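The values are calculated or read from the model by the stated rules, or taken from the named source; none is laboratory data. Predicted model only: the values in this text are computed from it and were never measured. Methodologically, a virtual Cβ is constructed for each residue, glycine included, from the backbone with ideal geometry; neighbour enumeration extends over all protein chains shown. Surface areas here come from the heavy atoms of the whole protein model, side chains and all, with no ligands, DNA or RNA. Shrake-Rupley method; radii C 1.70, N 1.55, O 1.52, S 1.80 Å.
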Amino acid sequence: MVLERTLLMIKPDGVEAKITGEVISRVERKGLKIVAIKKFLFTRELAEKFYAVHKNKPFFNELIEYITSGEVVALLVEGESAIKVVRNLVGPTDSTIAPPGTIRGDFGTSIQRNVVHASDSPESSQYEIKLIFG
Ligand code: CMP
């Protein structure tokens, strides 16, 4: 049994589409625990830190514009193998190929506007949780 914590964040397009409750519901129905919830607007500085790993990608500026364009809702999620379980609930990055039944497959509209972010490793979850929840 590996009890893990991960960060799941509803992005501006997801908040706008009012799927926050739906995302929380899917997490809870999967048996995971919501430890904390925070709704906030990213500053450019915090967004650049959060996505530092993508700094050299061609879509970095576009990504920062998008993530700072409206409020987000960050969920601190805990449970058995939570990082992998949440990634599976979320689906692949590109919403256009994410299967139905996944959050991105059901609600995302593109590779960028993919409604949620989820930590992809123990290292990134630790980094992201510390940055957002302190
Ligand atoms: P996320 O899981 O938050 O991690 C990085 C984000 O960058 C990703 O979701 C997308 O929103 C965005 N992204 C990834 N690849 C691309 C791409 N090729 N073009 C535009 N945005 C992208």
Normalized C-alpha radius of gyration of the range 15-134, against 2.2 N^0.38 Å?
1.01
Karplus ³J(HN,Hα) for the range 108-121 (6.51 cos²θ - 1.76 cosθ + 1.60, θ = phi - 60°; Hz, whole; x = Gly/Pro) runs x, 10, 7, 5, 7, 8, 10, 6, 9, 10, 9, 4, 9, 7
Taking only protein heavy atoms and a 1.4 Å probe, what accessible area per residue, in Å², does the range 3-133 have with all protein chains in place?
52
Can you tell me what the convex hull of the Cα atoms of the range 20-64 projects to on average, as an area in nm²?
4.5
Centre separation in Å (Cα based) which lies between the range 110-134 and the range 1-80
6
Cross-link table 33/57; 30/55; 11/57; 49/84; 33/55; 18/57, entries beyond 27 Å C-alpha to C-alpha:
33/57; 30/55; 33/55; 18/57
Sequence of 117, 54 when ordered by accessible area, the most exposed leading, probe 1.4 angstrom
54, 117
Can you give me the relative contact order of the chain as a percent, contacts being Cα pairs under 8 Å and 6 or more apart?
37
Given a 1.4 Å probe and every protein chain left where it sits, what share in percent of the accessible area of the range 3-133 is carbon and sulfur?
52
For labels at residue 22 and residue 81 in the simple 7 Å Cα→Cβ model, what's the distance in nm?
2.7
